[in-house]
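The values are calculated or read from the model by the stated rules, or taken from the named source; none is laboratory data. Not measured: the values here are computed from a predicted model. In this analysis, Cβ positions are derived from the backbone assuming ideal geometry, glycine residues included, and neighbour counts consider all displayed protein chains.
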Amino acid sequence: MPENRSPEHPKKLVSKAWIEEFEKTGAGWLQILSGSMAPLIQKWDRIYVEKVDLSKIHRGDIITFWRGGVLITHRVIKKMQHGDELNFIERGDQFFTHSIIPSSSVIGKVKQIKKNEHVYHLNSFIWKLYNKVAGIALLCTYYARHMGRSIPGLPVPVKNLIKKTFVLFKWLMEGFCGILIRTCQKKS
């Protein structure tokens with residue numbers, strides 16, 4: 001059990017049987033209940049999560065982790081060491097906010113996405129490329145956002161440019177993802 005979740009904290013939205021099976025097999029399918037990772041992962045899609053060595057998680061990868069007794073699935077935008085613990089900075093593709101996740105909260109990495117009858121294997125070259133680009137784009141917006149906040153007296157036109165950059169990255173990611181999904185659906 002992750003260190004940051006006390007045994008008395010209720011496990012929400014995931015059955016005890018699923019957790020036990022995941023602990024035993026190291027993998028399992030989950031249904032997504034929010035749109036925070038759209039357009040790649042939509043509400044009601046299913047994801048296949050697999051335990052992996054934490055050193056095998058990189059920028060752009062999609063991980064599932066515990067937060068307050070709930071499993072969350074978001075993208076890693078940065079890895080960092082904090083003392084003796086490895087941490088991940090994560091962000092949902094639809095959010096402009098991020099959080100730091102201790103490695104002890106991570107249960108695994110998303111390996112497949114099932115949308116209706118179609119299964120997308122994130123280990124294929126095209127999806128690895130997409131996830132890497134998405135991770136870099138989100139990291140750029142992360143740094144741009146911090147730069148905009150940390151520089152006192154930053155001119156309004158520069159702040160507006162930073163905001164427009166967020167919108168542009170989001171628009172490009174959504175367009176590219178939509179093309180990939182449609183292309184993969186035609187092949188199957």
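Of the residues making up segment 48-57, those that are surrounded by fewer than 22 Cβ atoms within 10 Å (Cβ to Cβ) and either in contact (Cβ under 8 Å) with a residue 40 or more places away in the chain or touching a Phe, Trp or Tyr at 6+ places or on another chain (Cβ under 7 Å) (or both) are Tyr48, Glu50, Lys51, Val52, Leu54, Lys56, Ile57. Taking the criterion of being in a loop (DSSP other than H, G, I, E, B), within 16 Å of Arg91 (Cα to Cα) and of a type outside the set (D, E, K, R), the residues of segment 44-67 that qualify are Ile57, His58, Gly60.
Pairs linking a residue in segment 163-180 that is free of Cβ contacts under 8 Å to residues at least 12 places away in the same chain to a residue that is surrounded by 12 or more Cβ atoms within 10 Å (Cβ to Cβ), with Cβ atoms under 6 Å and 6 or more positions apart or on different chains, do not occur. Of everything listed in (1) touching a helix residue (DSSP H, G or I) at 6+ places or on another chain (Cβ under 8 Å); (2) at positive phi, the single unmet condition for Leu40 is (2). Considering segment 1-26, the residues that are surrounded by 14 or more Cβ atoms within 10 Å (Cβ to Cβ) and either of a type in the set (D, E, K, R) or under 17 Å from the mean Cα position of the chain (by Cα) (or both) include one that is modelled with the lowest pLDDT, namely Arg5. The set of residues from segment 164-188 being surrounded by 12 or more Cβ atoms within 10 Å (Cβ to Cβ) and aromatic (Phe, Trp, Tyr) comprises Phe166, Phe169, Phe176.
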